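A short worksheet on the structure shown next.
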Amino acid sequence: MEIKQRLEHIAQTHYHQGLSQCDRKQVYHCLLRLTQELCATRPAATGTRKLYYFSAEFLLGKLLANNLLALGIYQETSRILTEAGHTLALVEETEPEPSLGNGGLGRLAACFLDSAAALGLPVDGVGLLYHYGLFQQKFQQNKQTEYPNPWIQDESWLLPTGTVFSVPFASGQVKAILWDVAVPGAHSNVTNRLHLFDVETPAPPPSHGIHFDKTDLPAHLTAFLYPDDSDEAGRLLRVYQQYFMVSAGAQLVLKELEESGASPDHFSNHVAIQINDTHPSMVIPELIRLLTARGLSMEQAIYQVSRACAYTNHTILAEALEKWPLDFIQRVAPVLVPIIRELDRRVKETHSDPKVAILMPAGAQNSQELVHMAHMDIHYSASVNGVAALHTEILKSSELKPFYLIYPDKFNNKTNGITLRRWLEVCNPRLAALLDDCLGQGWRQDPMELQALLRFEQDSALLDRLLAVKRDNKAALSLTLTQEQGVALDAESVFDIQAKRLHEYKRQQMNALYVIRKYLDIKEGRLPPQPITVIFGGKAAPAYRMAKHIIHLVLSLQQLIDRDPQVRPWLQVVMLENYNVTWAERLIPACDISEQISLASKEASGTGNMKFMANGAVTLGTLDGANVEIAQLVGSDNIYTFGAASSQVIELYGPPMHYHPDPYYQRPNVKPLVDFLLSPALSSAGDPNALRELWNEMTGKDWFMALLDVEAYIAARDRAIDDYGHRAAWAKKMLVNIAHSGYFSSDRTVAEYNRDIWHLT
Ligand code: 26Q
């Protein structure tokens, strides 16, 4: 049946009326059903091995448009809806965004599922079905407050499977109910799956913000992603969640293996497991447990699991490397404790260096015996990878050096990527159409073909069209922002955007210091070459005090500037509320300057940097993470880099620590900016205590060295904003960035994982 007939049929069956009589929500549900039906008719990808991507997060974003695109019916559906008096883009708006992720690691997992399906590779995701997801961010009194995000509706992408496993907690067996989300592949005919586990009776939403009784289990196991872990109950809950995910996931892996007729004796010939950071690390002892229960010896089980598993590291921040008291695991999943002890015993038998042990005895630093999750992963995996060239080098030469000396062959780099289907084709149809006009459609399947754009570098007509696309996207963003948050933007100004989780190492505070610089300049009559719009988006972890203070600083600046008629025509600051994938899809196509200003060595890769680049923004960044590779590709004329090099930063950290902010703070160009936090002007909009605390931190500690780089940053940013005024030259920079973004396709990244680690086909 044709798409049109099928849609009319679905509308008649469910709503007893034609598509044109349906309201927007009903049209959405018709499309949801049609898409589900079409996905179900496609086979799963097959191969000699199957990869399970275990991740605490899958930051999917809305699925309708991407699924229609993958199924090859986006254009046709759009036309059918127009004929029926609807607009596909408006129908898409009615879809709630799944709330199963938090930041880069979760979005990477979603891009990988999309790419694996497109490449026809047998890759399924395994995770948890969080009912209230990551919190919803609201601003009150210029501060972040958190609310649950109940995103699951009766009709959704979640498919019941009927599959149930039993997870053996210390407190008793808990049922894990399996739900699936279909992942159709573009350019392939397959549908892969994302497997999400839930408890049998999930808790209702909490009545006071995101606060709930963390000991009320199992109902709350799947309530929130990353529940507050500032107390012991919260940390225990994280261990409960992790074990629930990996135990159910491991049982699913073995069920599918057994159904395929293969023997657990040859587990690793058929199964590969990617461990996305350390949150799923307990899958290693859990699989060993389940394989020994099926008759393998400890020796055989360890061998099979170590050959199947691979570990991806996403951070070198020491505080983000998970170490759990063994006692927690004893209290949650005692069945794992003897296995972890055995894994540790074997390590200690061969390696005397205490730095590579899995179990760290209670001692001066820690009151309890700790399990170092990353260490377990490295010893008992076949591969350890970093997520950008610089990151992998830092892992090898410093953070994980003792491990690299033991296992040089395990270490490898897989520079992150993004799916250009979502991050260009779907989110920026104007640019996609222009690229089709210039290059044909081949770039959609092979993004390296975008390089052919370089032939148009001198083509002023094309450059003008590129600028027109950007202007239209900026106007569209302004409209949406006005409708949804009551903020109008000046589409003729330069749009400078920093959108990412709030963290001191990402240095949103340094961006704010630039805003203060401009504010003071304008007050003193020094006007910028053109009006500047600075947009921030991002959530702070609810218990991360300084990150919340930085949001408060930005919101206070926003209010101060909005109310100042002298400054406002030249400078606008917007802290967008509840930044998520949907907002990213609107912001990124509208960006001129992409802020990627982490302290060098601290951002493992970044993936927003790649998305902005592919949409014709020019990066202003440090030589950190994948910025280094962007700089190599586009050349120094087409990126603005500044700041201390990663090697210098690593030196400064010591030990001993060689950095103190004071000498930088005392500089005449720096002090007034930082001291503005204490000014009566800002205090009129903000909370003096919060701003004072932030000032204390910035002048007394400045752990991520914002004051070290701030002068170089201001100079580089001024230069970028000056250059923006030279429209033709700027358009060339945009073009060069788009032309080189093909390398950052996650299709390339996933193909590399398959070639070097997974060996699926
Ligand atoms: C750690 C300890 C206890 C509880 C939670 C955590 C925790 C939670 C989330 C640790 C890390 C995360 C998320 C990390 C993350 O998103 N990392 C990003 O991964 C991207 C994909 O590789 C990179 O591009 C980013 O540079 C990296 O920051």
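For the stretch 101-170, give me every one of the strands (runs of 3 or more DSSP E) that falls completely inside it and has 1 or more residues that are farther than 30 Å from Ala626 by Cβ and touching a residue at least 24 places away in the same chain (Cβ under 8 Å). Reasoning before the result, please.
On the way: elements: 123-128, 136-140, 143-147, 159-169.
Hits in the stretch 101-170: 136-140, 143-147, 159-169.
How about the stretch 514-544: which of its residues are touching a strand residue (DSSP E or B) at 6+ places or on another chain (Cβ under 8 Å), surrounded by fewer than 20 Cβ atoms within 10 Å (Cβ to Cβ) and within 14 Å of Ile561 (Cβ to Cβ)?
Correct list: Pro528, Pro531.
Just checking, does the stretch 194-208 include any residue being of a type in the set (Asp, Glu), in contact (Cβ under 8 Å) with a residue 24 or more places away in the chain and buried (at least 16 other Cβ atoms within 10 Å of the Cβ)?
Scanning the stretch 194-208, I find at least one residue that is of a type in the set (Asp, Glu), in contact (Cβ under 8 Å) with a residue 24 or more places away in the chain and buried (at least 16 other Cβ atoms within 10 Å of the Cβ), so the answer is yes.
Would you check which residues across the stretch 387-411 are modelled with pLDDT of 95 or more, within 16 Å of the ligand (Cβ to nearest atom), in a helix (DSSP H, G or I) and not hydroxyl-bearing (Ser, Thr, Tyr) and list them?
Ala389, Leu390, His391, Glu393, Ile394, Leu395
A quick yes/no check of all residues on (1) among the small types (Gly, Ala, Ser); (2) buried (at least 23 other Cβ atoms within 10 Å of the Cβ):
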| residue | (1), (2) |
| --- | --- |
| Arg563 | no, no |
| Glu577 | no, no |
| Trp583 | no, no |
| Ser594 | yes, yes |
| Asn609 | no, yes |
| Asn615 | no, yes |
| Asp624 | no, yes |
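Considering Ser605, Ser647, Ser636, which residue is of a type in the set (S, T, N, Q) and within 12 Å of the ligand (Cβ to nearest atom)?
From the options Ser605, Ser647, Ser636, the qualifying one is Ser605.
Kindly indicate the residue of the stretch 314-342 that is within 9 Å of the ligand (Cβ to nearest atom) and free of Cβ contacts under 8 Å to residues at least 40 places away in the same chain and also nearest to Arg107 (Cα to Cα) among those meeting that condition.
Ala320
Return yes or no: is Ala584 part of a helix (DSSP H, G or I), closer than 29 Å to Leu420 by Cα and under 20 Å from the mean Cα position of the chain (by Cα)?
Taking the combined requirement at face value, the residue satisfies it.
For the stretch 568-579, check the following and say yes or no: at least one residue is free of Cβ contacts under 8 Å to residues at least 40 places away in the same chain and within 26 Å of Ile522 (Cβ to Cβ).
yes
Yes/no matrix, rows are residues, columns are (1) more than 16 Å from the ligand (Cβ to nearest atom); (2) in contact (Cβ under 8 Å) with a residue 24 or more places away in the chain:
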| site | (1), (2) |
| --- | --- |
| Leu481 | yes, yes |
| Ser493 | yes, yes |
| Lys500 | no, yes |
| Arg507 | no, yes |
| Ala512 | yes, yes |
| Arg517 | yes, yes |
| Arg526 | yes, no |
| Pro531 | yes, yes |
| Phe536 | yes, yes |
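When you go through (1) part of a loop (DSSP other than H, G, I, E, B); (2) away from the ligand (no atom under 16 Å from the Cβ); (3) within 24 Å of the chain's Cα centre (by Cα) one by one for Asn416, which number turns out not to apply?
Here Asn416 meets the rest and fails (2).
Could you say which residue among Thr82, Thr46 is surrounded by fewer than 16 Cβ atoms within 10 Å (Cβ to Cβ), more than 21 Å from Ile152 (Cα to Cα), in contact (Cβ under 8 Å) with a residue 60 or more places away in the chain and away from the ligand (no atom under 16 Å from the Cβ)?
Details: Thr82 fails: in contact (Cβ under 8 Å) with a residue 60 or more places away in the chain.
The unique qualifying residue is Thr46.
Go through the residues of the stretch 305-313 one by one and say whether even a single one is in contact with a Gly (Cβ under 7 Å, 6 or more places away or on another chain) and either within 15 Å of the ligand (Cβ to nearest atom) or not small (Gly, Ala, Ser) (or both).
Among the residues of the stretch 305-313, at least one is in contact with a Gly (Cβ under 7 Å, 6 or more places away or on another chain) and either within 15 Å of the ligand (Cβ to nearest atom) or not small (Gly, Ala, Ser) (or both), which makes the answer yes.
Do we have any residue at all in the stretch 254-276 that's more than 26 Å from the chain's Cα centre (by Cα), surrounded by fewer than 16 Cβ atoms within 10 Å (Cβ to Cβ), away from the ligand (no atom under 14 Å from the Cβ) and basic (Lys, Arg)?
yes
The values are calculated or read from the model by the stated rules, or taken from the named source; none is laboratory data. If you're wondering where the values come from, they're calculated on a predicted model, not measured in any experiment. Counting neighbours? That spans all protein chains shown, and the Cβs are built from the backbone with ideal geometry, glycine included.
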